[in-house]
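Let me begin by presenting the structure, written as C-alpha cells, before commenting on it.
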Amino acid sequence: AKMERVVPWAALVSLIRPYAPDGKRGRPPFALETMLRIHFMQQWFTLSDPAMEESLHDVPLLREFAGL
C-alpha cells in the first residue's frame, strides 16, 4: 500500500510509453504498468529474470502487486 502512495505509476508509464513495443509482431505484450512493477520488484529484491519469474509463480502477493 505504501508503494502505491509513493511511486507515481501513471507518470512513469507515460514517460516510457513512447519507447514500449507496440505489439504488432510476435506475442502481445503485457500491460506497461505491469512490466514496470515487475522491473521495480526485480531491482528491490535483487532478482534475476528467472528468479523473478519463479517468484511470480510462487508468491501471490507479488502477482497482486504486479497486477497479474
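Read the figures in this text as sums done on the coordinates, not as results from a lab. On a predicted model such as this, the values are computed, not experimentally measured, just so you know. Cβ: placed from backbone, ideal geometry, glycine included. Neighbour counts: every protein chain shown.
Before moving on, here are some points about what is shown:
- The set of residues in the range 37-68 that are over 15 Å from E4 (Cα atoms) and among the small types (G, A, S) comprises S48, A51, S55.
- Of the residues contained in the range 53-65, one or more are found to be in a helix (DSSP H, G or I) and touching a Phe, Trp or Tyr at 6+ places or on another chain (Cβ under 8 Å).
- Pair list, Cβ under 9 Å, 6 or more apart: the range 2-29 residue touching a residue at least 12 places away in the same chain (Cβ under 8 Å) and among the small types (G, A, S), other residue surrounded by 11 or more Cβ atoms within 10 Å (Cβ to Cβ) and in a loop (DSSP other than H, G, I, E, B): A20/P29
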